[in-house]
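Here's the structure, in structure tokens; my notes come after.
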Amino acid sequence: MNIRTASFALRVVRRREGDAGILYRRTLDANQNERLTRIAPISPLAFSAGTKLLREAVRATAGPGTKLTTGPFHALDPDWGARVACYALTASGLRNSERLHKAADHLYHSDGPEAAWWFGLMVNGKKKRVIRALRILVEAVK
């Protein structure tokens with residue numbers, strides 16, 4: 001799968017605090033052109049806590065041995081893209097690395113369609129309430 005056909009894309013960027021990520025989703029703009037739209041940034045702390053999830057998402061699409069490198073976009077398939085999107089939205093604003101690691105681990109082992117359902121709720125409705133509920137379910141908060 002290449003970046004032109006991918007539903008989701010992850011871009012790894014280097015910041016002063018360490019590597020971070022930005023997650024994008026393919027959507028239609030006003031002129032009905034497909035564009036990558038930014039979903040959420042992944043902080044350096046969340047990136048390091050969820051490295052296993054992010055690495056496996058990239059490898060599931062690009063093949064084994066693929067590394068998370070800075071620079072170009074990494075294509076993600078719809079199932080892994082939904083998992084990473086749930087993690088990115090759930091991890092935004094959180095500072096406890098243990099909890100972020102638990103959340104990444106729970107989403108790593110979750111079903112793709114279930115993650116897509118949660119992501120759909122976050123995008124199309126009561127975002128704050130859904131994020132709070134998912135944070136509780138994946139043990140990102142107490």
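The values are calculated or read from the model by the stated rules, or taken from the named source; none is laboratory data. Everything quoted here is computed from the prediction, not taken from an experiment. Heads up, the Cβs are rebuilt from the backbone with ideal geometry, glycines too, and the neighbour counts pull from every protein chain shown. Just so you know, the surface numbers come from the protein's heavy atoms only, side chains and all, with ligands and any DNA or RNA stripped out. Shrake-Rupley method; radii C 1.70, N 1.55, O 1.52, S 1.80 Å.
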Task: Apportionment of accessible area to carbon and sulfur, segment 53-130, percent (1.4 Å) - done: 50
- [ ] As a check on your grasp of the helix formula, calculate [θ] at 222 nm for the chain: sum -39500 (n - 2.57) over DSSP H runs of n ≥ 4, divide by the residue count, round to the nearest 500.
- [x] -14500 deg cm²/dmol
Open item on the list: Please compute the per residue accessible area over segment 1-53 with all protein chains in place, 1.4 Å probe, rounded to a whole number of Å².
Closed with: 60
TODO: Please work out the Kirkwood hydrodynamic radius for segment 84-125, using every pair of different C-alpha atoms, and report it in angstroms with one decimal place.
DONE: 10.7
Task: Simple label model, 7 Å out from Cα along Cβ direction - residue 55 to residue 137, nm - done: 2.7
Open item on the list: If you count only protein heavy atoms and use a 1.4 Å probe, how large is the accessible surface of residue 108, to the nearest 10 Å²?
Closed with: 60
- [ ] Order 34, 17, most accessible first, counting only protein heavy atoms with a 1.4 angstrom probe.
- [x] 17, 34
Open item on the list: Rounded to the nearest 10 Å², what accessible area does residue 42 have for a 1.4 Å probe in the complete protein model?
Closed with: 0
- [ ] Express in % the proportion of alpha carbon pairs of segment 49-94 at distances exceeding 17 Å.
- [x] 31
Task: residue 19 - accessible surface, heavy atoms, 1.4 Å probe, Å² rounded to 10 - done: 50
- [ ] Please grab the % of Cα pairs in segment 57-140 that end up more than 19 Å from each other.
- [x] 39
Open item on the list: Going by Cα centres, segment 1-21 and segment 61-135 are how many Å apart?
Closed with: 13
Task: Column: log10 I(q)/I(0), Debye, Cα scatterers of the chain, q = 0.12, 0.21 Å⁻¹ - done: -0.43, -1.35
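Any chance you could run the full-extension gain for residue 69 through residue 2? It's 0.36 nm times the residue separation minus the Cα-Cα distance, nm to one decimal.
On the way: separation 67, 0.36 × 67 = 24.12 nm, distance 1.59 nm.
Full extension of this stretch gives 22.5 nm more.
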